[in-house]
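For reference, the structure is listed below as C-alpha cells.
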Amino acid sequence: MLAFFRALTDRLKALFMTDAALDLEAHVLNRAAERKADLLRQAAAFQAEGLTLVAAELQQQAGAIDLSRPLARVLPAVEHLTIEAPSSPQFSELAETPALPEPTIPPRKTNRKPRCKSR
C-alpha cells in the first residue's frame, strides 16, 4: 500500500514539474516575442522619422535575436574581458632593483633626570 502512494506522489510531482516547466517556457517565448516586436516597432518609428540607417540596423539586430543562442549578442560585447592585459613588471623584476639604505636615527639625548616617586 505504501508503494502505491509513493508511486502516486512521484507521478503527481512529475506532472506538476512538467506543467511548471511548460509555463516557464511559454513565458520565455512570449517575452522574447515581445522584445522582438518592440524593436521592430522602434525601427518603424525611426523609419518614419527618416532615419533609415538606424532603422535598418535595429531591424537587423531584432532579426538576430534567437532563443536557441541566448548569449550570441552578449559574448562579442564582453570579449575584451577575456583578453589578457599587457604585461606589467613582475614582482621578481621589482625585487632585483637595489633597495634604499635604511635611515639611521641617532638616539635622543635628554637632560632630564629620571623621576623617582618616593614617600
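What follows draws every value from the coordinates through simple rules; no lab data is involved. Being a predicted model, the structure only gives us computed values, none of them experimental.
Which of rounded, prolate, oblate describes the stretch 2-78, given a ≥ b ≥ c as roots of the alpha-carbon gyration tensor eigenvalues and a/c under 1.5 marking rounded, otherwise prolate only if a/b is larger than b/c? Prolate, because a/c is 1.5 or more and a/b exceeds b/c. Maximal additional length on extending the Arg6-Ala37 stretch stands at 6.5 nm, based on 0.36 nm per residue less the C-alpha distance.
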